[in-house]
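The values are calculated or read from the model by the stated rules, or taken from the named source; none is laboratory data. The model shown is predicted, which means the values in this text are computed figures rather than measured ones. Counting neighbours? That spans all protein chains shown, and the Cβs are built from the backbone with ideal geometry, glycine included.
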């Protein structure tokens, strides 16, 4: 019944910070610890990806994370086990990101049921559009899991409404046209405008991702009306700085300490350091 | 099962792409239905194909090869098309269309380099900035094409990660396009991808089949008993098959790359023979995948066939039984490459050599009757493969 956790979270007055992690990255054990560090640092939600061989809607950071997780032996069952472990000690909503083929291969019904049993509150399948999403929507309705649709800056008003109405979890608004990836500059005015437009014309809670990196970025999109802000590639890049050439963390404690510290900054629970 | 809602070929096809690509895919789909059929566009396309690309290409009867195969073999000479392969048909069509849509930049993926080369050619011809994504492994094994693309003014971007071949190049091109849809056309090189690409690319290769049908009726007085083509993504095969799909007595045979052999995953590219339905690069089609749905690496000596997916129309033709897809190993393809070179004075591309190798086995395997008339798409010339060939089969006298 994790969808209820999501609904309760979205009903709260304050917006939510959701870090994104690839389950099993860089290896299943470390992945679990990093997610727990995020929760300890004040993450309000988690977005969790299942590693896929060909994440073509994502940028190099997510692709590299998929590669590390797969090389460390993370299969779909392992990913669900990791999520289930997190669920045992955490009541924050989990949005599951999965490429269509992994769900198609298991069968939509079985996949969503397993995801739900592992604690997923909602599911985003970036390469399954609304038109081909009937099986996903039906499986999610059966398993009481929210559906999350992606929209972008070029999505017109009518489509935005259609997507919002079909989003039983929330609407994921890509802050810019392109693939996922960290940016260094401020959140541009057009992103804030896109958030305001989405909030105004469609019913679902708006979540913003793609290119967010700092607490200031999050506050900018919250200010425009976003209920959730996701930091993904920037986290994966930061994680990667703690890994050696084989993708292993030589100093796990330092990695976890650094990540927890940064999560504290991003979540607003800890004052932010000067941007470097 | 019921088919996808958009761009279905039976239970296959569809538009399994990010919402961020939707506006561009709709724009392209509209263009396919309005601009492409217009007499103005068709006249421009026909003119460019004739005066720049060298259409029509002939068909050639192969007496010595026929004797060896025990069937009457004719080849459609797409190797004689400008650029050296059938790929030029598609790039002329999509290039002219991109220009009409006001795009200033072309991006493409390439495996063997033939599609990248063709895109670089049309980019130069139309004055459009051109960028080609190519697997780093393919860059190494198809260096002559890489040099030619650069000469033509295109930027070649080697793609690492995974097997660093065609699949990775498509991933990268899709990523670029997602960010650049405003001014950029993704000139996809095969009948794969999200709708409308399988329909669009097919449409520009139908000229292969329509010419060949008229030519063989004229030269031989009757239809062929079988049409044969190699299948990676499957664009040259669809081009040839398209004119014969309604002729129930014409067998349609596709040669899939069996690579080093089909016992080992990763050693072949027999997507239709050994794969299963999945979602890859925007379409529901047959893919090589593990039990979880992770896409497996493919292998073929022919870079253009080295792909773990296949065009969704082939998936449909396979399941409906209209076409049959048979595996051909690297060794068989190289043998056919040598045979055609020595007996007919034509050096085929490794890709096309797969189709020729299938013809040599077709009677023994009961795919056609002895003496049957077989029309093969000689989809490209083999100059690009000479380095690889001499690496694999060095001259024994050391000369």
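Considering region B:254-276, and only residues there that are within 28 Å of residue A:128 (Cβ to Cβ) and more than 20 Å from the chain's Cα centre (by Cα), the residue that is modelled with the lowest pLDDT turns out to be B:265. Counted as qualifying within region B:17-136 are the strands (runs of 3 or more DSSP E) with 1 or more residues that are outside the structural domain of residue B:215 (by TED's automatic domain parsing) and either over 30 Å from residue B:386 (Cβ atoms) or in contact (Cβ under 8 Å) with a residue 24 or more places away in the chain (or both), namely B:105-110, B:129-135.
Conditions (1) within 14 Å of residue A:16 (Cα to Cα); (2) more than 19 Å from the chain's Cα centre (by Cα), marked per residue:
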{"position": "A:205", "(1), (2)": "yes, no"}
{"position": "A:238", "(1), (2)": "no, no"}
{"position": "A:255", "(1), (2)": "no, yes"}
{"position": "A:261", "(1), (2)": "no, yes"}
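Could you list, in sequence order, all residues of region B:122-175 that are on the phi > 0 side of the Ramachandran plot and within 17 Å of the chain's Cα centre (by Cα)? Across region B:122-175, there are no qualifying residues.
Table: residues versus (1) surrounded by 24 or more Cβ atoms within 10 Å (Cβ to Cβ); (2) within 14 Å of chain B (Cβ to nearest Cβ).
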residue: A:171; (1), (2): yes, yes
residue: A:175; (1), (2): yes, yes
residue: A:213; (1), (2): no, no
residue: A:219; (1), (2): no, no
residue: A:225; (1), (2): no, no
residue: A:232; (1), (2): yes, no
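Residues in region A:235-256 that are in a helix (DSSP H, G or I) and in contact (Cβ under 8 Å) with a residue 12 or more places away in the chain: A:235, A:236, A:237, A:238, A:239, A:240, A:252, A:254, A:255, A:256. What number goes with the only condition from (1) closer than 27 Å to residue B:230 by Cα; (2) buried (at least 20 other Cβ atoms within 10 Å of the Cβ); (3) in contact with a strand residue (DSSP E or B) (Cβ under 8 Å, 6 or more places away or on another chain) that residue B:61 does not pass? Evaluating residue B:61 over (1) closer than 27 Å to residue B:230 by Cα; (2) buried (at least 20 other Cβ atoms within 10 Å of the Cβ); (3) in contact with a strand residue (DSSP E or B) (Cβ under 8 Å, 6 or more places away or on another chain) leaves (2) as the failure.
Taken residue by residue, region A:143-162 has no member that is without any contact (Cβ under 8 Å) to a residue 40 or more places away in the chain, surrounded by fewer than 19 Cβ atoms within 10 Å (Cβ to Cβ) and away from every other protein chain (no Cβ under 14 Å).
Taking the numbered list (1) buried (at least 24 other Cβ atoms within 10 Å of the Cβ); (2) within 14 Å of chain A (Cβ to nearest Cβ); (3) at pLDDT 95 or above in turn, residue B:291 passes all entries but (1).
Consider region A:120-131. How many of its residues are crowded, with 21+ Cβ neighbours inside 10 Å and facing another protein chain (nearest Cβ under 8 Å)?
4
When residue A:38 is tested against (1) within 12 Å of chain B (Cβ to nearest Cβ); (2) assigned to a helix (DSSP H, G or I), only condition (1) is not met. Residues that are within 30 Å of residue A:88 (Cα to Cα) and either touching a residue at least 60 places away in the same chain (Cβ under 8 Å) or more than 11 Å from chain B (Cβ to nearest Cβ) (or both) do occur in region A:180-195. If you check residue B:205 against the conditions, is it under 23 Å from residue B:8 (Cα atoms), modelled with pLDDT of 95 or more and assigned to a strand (DSSP E or B)? So residue B:205 does not fit the description; no.
With respect to residue A:82, is the statement that it is more than 22 Å from residue A:37 (Cβ to Cβ) and either within 10 Å of chain B (Cβ to nearest Cβ) or surrounded by fewer than 24 Cβ atoms within 10 Å (Cβ to Cβ) (or both) true? Reasoning before the result, please.
On the way: more than 22 Å from residue A:37 (Cβ to Cβ): no; either within 10 Å of chain B (Cβ to nearest Cβ) or surrounded by fewer than 24 Cβ atoms within 10 Å (Cβ to Cβ) (or both): yes.
Taking the combined requirement at face value, the residue does not satisfy it.
Considering only residues in region B:138-177 that are in contact (Cβ under 8 Å) with a residue 60 or more places away in the chain and farther than 23 Å from residue B:194 by Cα, the one that is farthest from the other protein chains (Cβ to nearest Cβ) turns out to be B:144. Return yes or no: is residue B:270 crowded, with 24+ Cβ neighbours inside 10 Å, within 14 Å of chain A (Cβ to nearest Cβ) and either closer than 29 Å to residue B:177 by Cα or without any contact (Cβ under 8 Å) to a residue 60 or more places away in the chain (or both)? Answer is no for this residue. A count restricted to region A:115-172 and to residues that are part of a loop (DSSP other than H, G, I, E, B) and in contact with a helix residue (DSSP H, G or I) (Cβ under 9 Å, 6 or more places away or on another chain) stands at 20. Selection of region A:93-119 for residues being away from chain B (no Cβ under 12 Å), crowded, with 21+ Cβ neighbours inside 10 Å and either more than 17 Å from residue A:31 (Cα to Cα) or without any contact (Cβ under 8 Å) to a residue 12 or more places away in the chain (or both) yields A:93, A:112, A:115, A:116.
Residues in region B:208-228 that are touching a strand residue (DSSP E or B) at 6+ places or on another chain (Cβ under 8 Å), loosely packed, with under 15 Cβ neighbours inside 10 Å and outside any helix (DSSP H, G or I): B:222 alone.
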